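The values are calculated or read from the model by the stated rules, or taken from the named source; none is laboratory data. Remember, it's a predicted structure, so these values are computed and weren't measured experimentally. Positions of Cβ are backbone-derived with ideal geometry, glycine not excepted, and every protein chain shown enters the neighbour counts. With ligands, DNA and RNA removed, areas are computed over all heavy atoms of the protein, side chains included. Shrake-Rupley method; radii C 1.70, N 1.55, O 1.52, S 1.80 Å.
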Amino acid sequence: MTKRKNTPVSAVDPGPVELHARNVEFDWADTPLHWLPGHPYPAHTVTALNLLLPEGERWFVRTFNETLPLVADEQLAAAMRGFIGQEAIHAESHDKVLWTYLIDHGIDARPFQRQMEWVFRKLLAPHEKSSPKAARKHLIERLWLIAAIEHYTAELGDFALNSSWSEIGGDPQMVDLFCWHGAEEVEHRAVAYDVANYFGNSYLTRARTMLLALPALIWLVFRGAKDITRQDPATRRMSYLGRRVGYWRGVQANVVPSMLGLAWSTVKYFRPGFHPDQVGSTAQAVAYLASSPAARRAG
């Protein structure tokens with residue numbers, strides 16, 4: 001469970017918030033590859049999210065654009081439009097990390113990206129030649145898969161907002177990137193779940209897609225971290241045990257989430273009556289977005 005930082009007294013629960021995209025920009029010229037001082041492998045693990053997010057979030061956007069004309073509830077449709085706008089900016093922001101920051105540090109992300117393109121553009125694409133009934137069933141499966149992934153992005157967003165990145169001297173640009181993104185994930189944490197429920201409240205489908213999402217996400221993140229570690233001259237000789245010890249040290253320092261905490265978050269998702277509003281704090285997310293340097297520059 002995330003240990004929550006003190007939220008400013010003025011940051012009372014704002015209730016439902018209107019979602020909107022913030023056109024943020026970051027400058028990566030002075031950000032080191034080891035952006036968490038003393039924790040190179042945890043830094044690589046968090047950085048590995050940049051390998052997954054651009055293609056994954058573009059897939060979210062495509063799927064929601066496919067779904068939006070089918071939604072008659074205007075309040076839900078408005079939330080979906082806000083979600084689409086935010087996810088599109090997330091994809092663009094992390095894409096710039098791939099093709100500027102990582103390349104400048106000698107990390108070749110192209111092989112990993114080609115695999116992510118296949119997963120999100122081919123494997124998880126709509127079934128064009130299926131019957132209308134089968135196409136709708138596949139759409140609902142994809143919506144529940146997005147809801148499962150969004151559960152973890154909200155949990156990771158809550159972790160980012162309560163991490164010790166800044167306290168240990170983490171690079172301000174990278175800290176702000178992940179905290180801004182994490183705050184917006186907490187802000188829109190219920191949208192994907194509510195959309196999936198709109199089309200079919202099946203506990204079986206919800207459970208099945210979660211059981212697909214968790215191992216896939218863990219495998220991809222740690223595979224990406226290993227790829228970056230192997231290309232970094234300072235860590236390329238790090239063994240499997242060295243990576244595990246480095247991650248454990250990162251958990252103790254509150255710079256990466258514990259696997260036990262992620263497992264507990266999965267248990268919460270399976271509870272009858274669960275709703276994403278139970279994850280994180282909207283007040284804390286909104287307070288961070290009001291103070292985020294990138295969000296303030298975006299206006």
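Numbers at a glance
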quantity: Pair-distance profile P(r), taking every C-alpha pair of segment 149-222, with 10 angstrom steps and integer %; calculated: 18, 38, 31, 11, 2
quantity: Rg/Rg_ref, segment 197-276, where Rg_ref = 2.2 N^0.38 Å and atoms are Cα; calculated: 1.44
quantity: Segment 144-299, accessible surface, carbon-and-sulfur percent (1.4 angstrom probe); calculated: 63 percent
quantity: Segment 158-299: projected area of the alpha-carbon convex hull, averaged over directions, in nm²; calculated: 10.5 nm²
quantity: Carbon plus sulfur fraction of accessible area for segment 9-79, probe 1.4 Å, in percent; calculated: 57 percent
quantity: Mean Cβ count within 10 Å, highest first, over the residues of peptides 74-82, 278-286, 91-99; calculated: 278-286, 91-99, 74-82
quantity: Distance cut-off 24 Å, percentage of C-alpha pairs in segment 1-120 lying past it; calculated: 46 percent
quantity: Mean accessible surface per residue for the chain, computed with a 1.4 Å probe while every protein chain stays in place, in Å²; calculated: 47 Å²
quantity: For segment 92-205, alpha-carbon Rg and Dmax in angstrom; calculated: 17.7, 55
quantity: Estimated translational D of the chain in µm²/s (Stokes, Kirkwood radius over Cα pairs; 4 °C; 1.567 mPa s); calculated: 66 µm²/s
quantity: Segment 186-259-segment 281-299 distance, computed between alpha-carbon centres (Å); calculated: 24 Å
